[in-house]
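What follows is a short report on a single structure.
What follows draws every value from the coordinates through simple rules; no lab data is involved. Quantities reported herein were computed from a predicted structural model and do not represent experimental measurements. When we count neighbours, we look across all protein chains shown, and the Cβ atoms used for this are built from the backbone with ideal geometry, even at glycine.
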Amino acid sequence: MGEVEFNNENVMKCLCTGCPVQGTSECVKGKIQKMQEMMAEDIDIATVIGPEDVPGLYCASGEASCTDLYYHEECQCPECPVFKENELADGKTVGYYCRDGKAD
Ligand code: SF4
Ligand code: SF4
């Protein structure tokens, strides 16, 4: 298990944008819209916007900058390819990286 890399490939694999924990967040909605606009222009988003602008890949970037998340819903991380590839199930923090900080 190593540190998860904050890169475009992992942003694409991340399941956070479809996670119910973020489903009702207006703050997240705004960030997703901005990201989609960038992706439509075929820009490598991980290089042009910082982790605070990506509402996901929290296992690499740490706690969410949005504060209106609903943590009573279920974290999707265990289903995510990034989670499996980096063996995050063996870490101290397992899932809910948006709340508890990056994978360790
Ligand atoms: S880290 Fe887990 S709980 Fe947080 S948004 Fe991503 S999938 Fe959902
Ligand atoms: S393990 Fe969770 S936070 Fe990390 S990329 Fe996958 S869904 Fe996103």
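So here's what we get for this one:
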item: Residue check, Lys92 in a helix (DSSP H, G or I), surrounded by fewer than 17 Cβ atoms within 10 Å (Cβ to Cβ) and more than 14 Å from the chain's Cα centre (by Cα); result: no
item: Any hit, the stretch 32-47, residues being near ligand 1 (Cβ under 8 Å from one of its atoms) and closer than 24 Å to Glu3 by Cα; result: no
item: Residue list for the stretch 6-19, restricted to those being within 16 Å of ligand 1 (Cβ to nearest atom) and surrounded by 13 or more Cβ atoms within 10 Å (Cβ to Cβ); result: Phe6, Asn10, Val11, Met12, Lys13, Cys14, Leu15, Cys16, Thr17, Cys19
item: Looking only at the stretch 47-89, and only at residues there that are out of contact with any helix residue (DSSP H, G or I) (no Cβ under 9 Å at 6 or more places or on another chain) and either aromatic (Phe, Trp, Tyr) or in a loop (DSSP other than H, G, I, E, B) (or both), the one that is nearest to Asn8 (Cα to Cα); result: Glu87
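Rundown of residues vs (1) away from ligand 2 (no atom under 15 Å from the Cβ); (2) of a type in the set (Asp, Glu), yes/no style:
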| site | (1), (2) |
| --- | --- |
| Val28 | no, no |
| Gln36 | yes, no |
| Ala40 | yes, no |
| Thr47 | yes, no |
| Pro51 | no, no |
| Gly56 | no, no |
| Glu63 | no, yes |
| Tyr70 | yes, no |
| Glu79 | no, yes |
